[in-house]
1. Enumerate the pairs (first residue in segment 238-256 and more than 13 Å from Ser209 (Cβ to Cβ); second residue anywhere and assigned to a loop (DSSP other than H, G, I, E, B) and among the aliphatic types (A, V, I, L, M)) with beta-carbon separation below 7 Å, excluding pairs fewer than 6 apart on the same chain, so at least 6 apart or on different chains.
2. Does at least one position in segment 126-148 carry a residue that is free of Cβ contacts under 8 Å to residues at least 12 places away in the same chain, surrounded by fewer than 18 Cβ atoms within 10 Å (Cβ to Cβ) and of a type in the set (Ser, Thr, Tyr)?
3. Return the total of residues in segment 257-280 being part of a helix (DSSP H, G or I), under 18 Å from Glu49 (Cα atoms) and not charged (D, E, K, R).
4. Is it true that some residue in segment 71-82 is assigned to a strand (DSSP E or B) and hydrophobic (A, V, I, L, M, F, W, C)?
5. Of the conditions (1) closer than 23 Å to Ala256 by Cα; (2) in contact with a Leu (Cβ under 6 Å, 6 or more places away or on another chain), Leu2 satisfies every one except a single condition; which number is it?
6. Inspect all residues belonging to segment 195-203 and state whether any of them is in contact with a helix residue (DSSP H, G or I) (Cβ under 9 Å, 6 or more places away or on another chain), buried (at least 18 other Cβ atoms within 10 Å of the Cβ), in a helix (DSSP H, G or I) and at pLDDT 95 or above.
7. Could you pull out the residue among Gly119, Gly223, Gly142 that is of a type outside the set (Lys, Arg), assigned to a loop (DSSP other than H, G, I, E, B) and within 16 Å of the chain's Cα centre (by Cα)?
8. Six or more apart or on different chains, Cβ atoms under 7 Å: show the pairs whose first residue is in segment 12-33 and more than 19 Å from Val228 (Cβ to Cβ) and whose second is of a type in the set (Asp, Glu) and surrounded by fewer than 21 Cβ atoms within 10 Å (Cβ to Cβ).
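The values are calculated or read from the model by the stated rules, or taken from the named source; none is laboratory data. Not measured: the values here are computed from a predicted model. Neighbour counts are summed over all protein chains in view; Cβ atoms, including those assigned to glycine, are modelled from backbone coordinates with ideal geometry.
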Amino acid sequence: MLRLGTREFGEHEPVVMAIVNRTPDSFYDRGATFRDEPALDRVEQAVAEGAAIIDIGGVKAGPGDEVTAEEEARRTVGFVAEVRRRWPDVVISVDTWRHEVGEAVCEAGADLLNDAWGGVDPRLAEVAARYGAGLVCTHAGGAEPRTRPHRVAYEPPAGTDGAPGASGVVEDILRVTLGLAERAVELGVRRDGILIDPGHDFGKSTRHSLEATRGLGRLTETGWPVLVSLSNKDFVGETLDRPVKERLTGTLATTAVSAWLGARVYRVHEVAETKQVLDMVSSIAGYRPPAVARRGLA
């Protein structure tokens, strides 16, 4: 069981997490939701299209102008409060690695802290425990926040030296995310509110992210619900040689594979398209009946 805010999600229920960036320099939308009204319109559209979680971020992941904790809080806290007021049942997630921002957004009504930088601030998990919030435990390869990977390497598993697709990244993902999850439980974070995330592109080359996707079943077999953040990322762009605005097809293909391998939560820009992919995979797997089933019956 996965429980976030007032929502409980079944074992075979895929969950869409819609991205709402409160930044002027997002790699994808270039600040389209930096101002309040466009951002609130984005939330309304995402909820209407089937998103159960709204993920609010005040700092873009990549390098750029410095954003202090105070500025990050200014961009997110009031917005969290307004989303909570307008949509009392939606799950509100905040993408932050800083404990002081986590505390402020939890006070404002956030249900989930999405720590995309792998526990770089160990006090963030303490905040989640204190407020009864959920926590995303991500593998970032030891990277510092807002840095790009450079010549990242993982030790191959014993006996696989030289084998194709055996860099050791999946083993490292398991080691790090499971360690973060168990630490969170020890600190008092609710077990049913913890997710693990392989961290596509974070501290990884394109080949590492592809390998992480192939090995996703090993993460889902641990029993922890798995969140994947695939949407329009560089590993999709490099694999298909496509710019940011032409990565939807590759993203949806990766989403379908991830769904088949058991991922539970999908952090995305395109909600409606993702929802259709997840519904189709769920129906093929036998967990969801067709919306309409007239063919061959008349």
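1. Pairs that qualify, where the first residue is more than 13 Å from Ser209 (Cβ to Cβ) and the partner is assigned to a loop (DSSP other than H, G, I, E, B) and among the aliphatic types (A, V, I, L, M), are Thr255/Leu230.
2. Within segment 126-148, the first condition is being free of Cβ contacts under 8 Å to residues at least 12 places away in the same chain, and the residues that meet it are none.
The answer is no; no qualifying residue exists.
3. Here is the first cut: in segment 257-280, the residues part of a helix (DSSP H, G or I) are 257-260, 271-280.
Cutting the leftovers down to under 18 Å from Glu49 (Cα atoms) gives us 271-280.
Going one step further and asking which of them are not charged (D, E, K, R), we end up with 271-272, 274, 276-278, 280.
Number of matching residues: 7.
4. Going through segment 71-82, the residues assigned to a strand (DSSP E or B) turn out to be none.
Checked against the condition, which is being assigned to a strand (DSSP E or B) and hydrophobic (A, V, I, L, M, F, W, C), segment 71-82 yields no hits at all.
5. Looking at each condition in turn, Leu2 falls short on (2).
6. Within segment 195-203, not a single residue is in contact with a helix residue (DSSP H, G or I) (Cβ under 9 Å, 6 or more places away or on another chain), buried (at least 18 other Cβ atoms within 10 Å of the Cβ), in a helix (DSSP H, G or I) and at pLDDT 95 or above.
7. Selected residue: Gly119, the only one of Gly119, Gly223, Gly142 that is of a type outside the set (Lys, Arg), assigned to a loop (DSSP other than H, G, I, E, B) and within 16 Å of the chain's Cα centre (by Cα).
8. Pairs that qualify, where the first residue is more than 19 Å from Val228 (Cβ to Cβ) and the partner is of a type in the set (Asp, Glu) and surrounded by fewer than 21 Cβ atoms within 10 Å (Cβ to Cβ), are Gly31/Asp25.
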